[in-house]
Amino acid sequence: MNNDYKYEQVWRHIAHGQLPNAIELLKELLANEPNSATYHGVLAYCLLLQMRIHAAEYELKIALQLEPNTPFFHLVYARIFYLQNKVKQALAACDQALQLDPENVDVFELKSDILLANKHFKEAFEYIQKISELNPDSVKTAFAFANYYFQTGDNVKAMGFTRAALGLDAQHQHANVLMGRLQLIDGNIAEAEYHARLTIMLNPSSREALSLFADVKARKSIFLGLWWKFNNWISRMKPVNQVGVLIFGYVFFNLLSNIVFDLGYTSASSVVDYAWLAIVVYSWIAIPIYQRMLNKEIETFSFRSDY
């Protein structure tokens, strides 16, 4: 098996989420060509997909030492910084990649994702428009608009663009996950579960799909269902609005308790106080339960034999 064929096979493994196989092939390639910047860079990308961030950064530094002007390497570094919550460094790495390749759609896509995650909607939309200008009829464009409208709370437009993306590529993993989330918000749990399972079948290592699957299970749960609805609603707000909702809740319950007490309903006033305390405790308890559920899905997910 020559190196070119092995390298092509690496990307086929990556596309199907078979990261251990891709990594083993890259190790074989590096054994023959230890100074190949490309192999080190792609290995860093695979390790990053496995969330082995320190190992990915180590390989990426080797790749950059060998070939510092490769846009893909700076794009991978931007992803590492993003996962480390180093937003400024991530955006700077994107800019470095764009200096080397001003029309790199993958960089535009990542930069828009970073900006969206940090609620810089106007700037994010500018990069999405650039994707559209370069690839007007592509699945990347359709999904970029779908993700933008989902993040900004316009689920109707998000649904339309997600359907368009899946019409162009029914196996597009991110579009399937987004469709699952939109269906879950609309209460179509079976549809959401279908898209989660389909994505996991396409890519068993997709953390997005496993997270969606955990959300489906949480939504089905009597205990976690209400928490999931509230968390999904508030998580899509700007931070200042999130704080505002929490302050409003505290003030509302405190004011209601005082009013009820002043009217002479002492017991009812205590019930209101305990109701607010119960909501707070419920939110604290639900978070670790959901996190354990998510971790369990990531570690042990498997399909039924009849699926």
> How many Lys pairs in the stretch 1-125 lie less than 16 angstrom apart by Cα atoms, where the lysines are 8 or more positions apart or on different chains?
Replying inline: 7
>> Considering only protein heavy atoms and a probe of 1.4 Å, how much of the accessible area of the stretch 22-73 is carbon and sulfur, as a whole percent?
In response: 52 percent
>> Within 12 Å, Cβ to Cβ, of Leu26, how many net charges do the neighbouring residues add up to if Lys/Arg are +1 and Asp/Glu are -1?
In response: -2
> Stretched out fully, how many nm does the piece from Ala170 to Lys122 gain, at 0.36 nm a residue minus the Cα gap?
Replying inline: 14.4 nm
>> Counting only Cα atoms, I'd like the Rg/Rh figure for the stretch 124-174, Kirkwood definition for Rh.
In response: 0.95
>> Could you derive backbone 3J(HN,Hα) for the stretch 80-85 from the dihedral phi with the Karplus parameters 6.51, -1.76 and 1.60 (θ = phi - 60°), listing whole Hz in sequence and x where the residue is Gly or Pro?
In response: 4, 4, 4, 5, 7, 6
> Nearest 0.05, what FRET efficiency do Lys6 and Asp137 give at R0 = 41 Å with Cβ-Cβ as r?
Replying inline: 0.75
> When the chain is fully extended, how far beyond the present Cα-Cα distance does Gln65 get from Lys27, taking 0.36 nm per residue of separation?
Replying inline: 11.8 nm
> Using r as the Cβ-Cβ distance of Gln89 and Asn258, and R0 as 35 Å, what FRET efficiency do you calculate, to the nearest 0.05?
Replying inline: 0.15
> Ignoring ligands, DNA and RNA, what accessible area per residue does the stretch 1-48 give at 1.4 Å, in Å²?
Replying inline: 49 Å²
> What size of dipole, in debye to the nearest 20, comes out for the stretch 167-211 about its Cα centre when the only charges are +1 on Lys and Arg C-beta atoms and -1 on Asp and Glu C-beta atoms?
Replying inline: 140 debye
> Counting only heavy atoms of protein chains, what accessible area per residue, in Å², does the stretch 74-183 have with a probe of 1.4 Å?
Replying inline: 46 Å²
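The values are calculated or read from the model by the stated rules, or taken from the named source; none is laboratory data. Bear in mind the structure is a predicted one, so any value in this text is a computation, not a measurement. When we count neighbours, we look across all protein chains shown, and the Cβ atoms used for this are built from the backbone with ideal geometry, even at glycine. Ligands, DNA and RNA are stripped out before the accessible areas are found, and what is left, the full protein with its side chains, is counted by its heavy atoms. Shrake-Rupley method; radii C 1.70, N 1.55, O 1.52, S 1.80 Å.
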